Structures are given as C-alpha cells and as structure tokens.
Amino acid sequence: MKSNIYLIGFMGTGKSTVLNKLAFLTKYNGVDLDDYIEKKEKKSINDIFAEGGEELFRKLETEYLKNVSEKKEYIVSCGGGTVLRSENVDIMKDNGTVVLLRATPKTIYERVKDTTNRPLLNGNMNEEYIAGMLKKREEFYLSAADIVIDTDDMQVSDICREILEKIKKNS
Ligand code: S3P
C-alpha cells in the first residue's frame, strides 16, 4: 500500500465521514485538510474567504497539503476544490493513492443544504448550481483519481471496504 490515502471529491460526497471510519479501520492517522487549515490559521474557512477571497484560501490549501504530505501513513480528506491546482494533484500522487468519492447533485444537495460553512455554496444553495459546478470540475476529479467510488445509497462501511479492496488490487 502506498504510504498515504487522499480522499477527493465534491463538497458533500462524504469525505470526512469516510476519513474517520477509514482511519479507524487502517489505524492510519486521519486529517481533514479544511479542519487543519482552520486550526493552523485560527480562523474559519468562511473568515479566510472573507479576508482574502478564494485566492488566499487556495494558497493556504497548497501550503498545508504540502505540510501534511510530508507525513507517512496518513489519510487526508481534501477540500472539494483541492484538485483544481495541478500542483496539489502532483503532491497527492507523489505521496499516496488518490480516492475519488462521487455522488449525484441530488444527494450532494440533500447533504449540504442546511450548512453555511462552505463559502462557494452560500447564496447558491440549490441543486442546479451544484450540478453546474460538478460538471465543470468533473474532469479534474477524474484525472486526479486512482480509484473512483460512487457513494450514492452506500453505507460508510461498504465504501471503506471497497476503497481498501481497490487499493489492494492496485498495489
Ligand atoms: C471547497 C470545498 C470545501 C472547502 C472550501 C472550498 C471547494 O471543502 O475546502 O469551502 O472549492 O469545493 P469540503 O469539500 O470539505 O466541503
């Protein structure tokens, strides 16, 4: 097994939930990149966007992705936009297996509709907007992924089992 596992995918595809279960199963350390950024910067993601916009957030995201990628046997749950920078994809590919979690716009909307901690969706919280954003990002997700899991209607334990089986097969 390559040393780290990176979970990628759109907002609301279950990366953080899968992270916790997968870390428990593998005994790897788990880190949620957004939580890590918030902890290190002592600011919420909303506040970082409010202060310096998406540009500042993306800069910090790359900096902290580099930081956590120096560690071994880590599972990193990335933000939904981490794959948009090729530099980030290179870091992930150099240090581990990249696992894409997918879900339909309907499932994503149901999961995120009552949240306010995602600046890119605040004010755009509807299925059509999510579908449009997902379409624009689809090729970034697919080209970064070593493994793809369609999570709709799947239990987290089944998602984890499928991830571990596919990693084993790929190694
Ligand atoms: C973003 C997704 C968020 C967070 C930031 C930007 C994106 O992470 O990194 O709000 O561009 O899709 P989650 O996917 O964990 O919600």
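The values are calculated or read from the model by the stated rules, or taken from the named source; none is laboratory data. Every value quoted in this text rests on a predicted model; they were computed, and no experiment measured them. For neighbour counting, all protein chains shown are included, and Cβ atoms are generated from backbone atoms with ideal geometry for every residue, glycine included. With ligands, DNA and RNA removed, areas are computed over all heavy atoms of the protein, side chains included. Shrake-Rupley method; radii C 1.70, N 1.55, O 1.52, S 1.80 Å.
Some values worked out for this structure:
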{"read-out": "Packing-based ranking, highest mean first, of 154-162, 8-16 given that Cβ atoms within 10 Å are counted", "value": "8-16, 154-162"}
{"read-out": "Three-way shape call for the chain based on the alpha-carbon gyration tensor, with the a/c threshold at 1.5", "value": "oblate"}
{"read-out": "Net charge of neighbours whose Cβ lies under 14 Å from the Cβ of residue 119, counting Lys and Arg as +1 and Asp and Glu as -1", "value": "-4"}
{"read-out": "Probe 1.4 Å, protein heavy atoms only - accessible area per residue of the chain in square angstrom", "value": "52"}
{"read-out": "Protein accessible area in the range 4-166, 1.4 Å probe - carbon and sulfur %", "value": "46"}
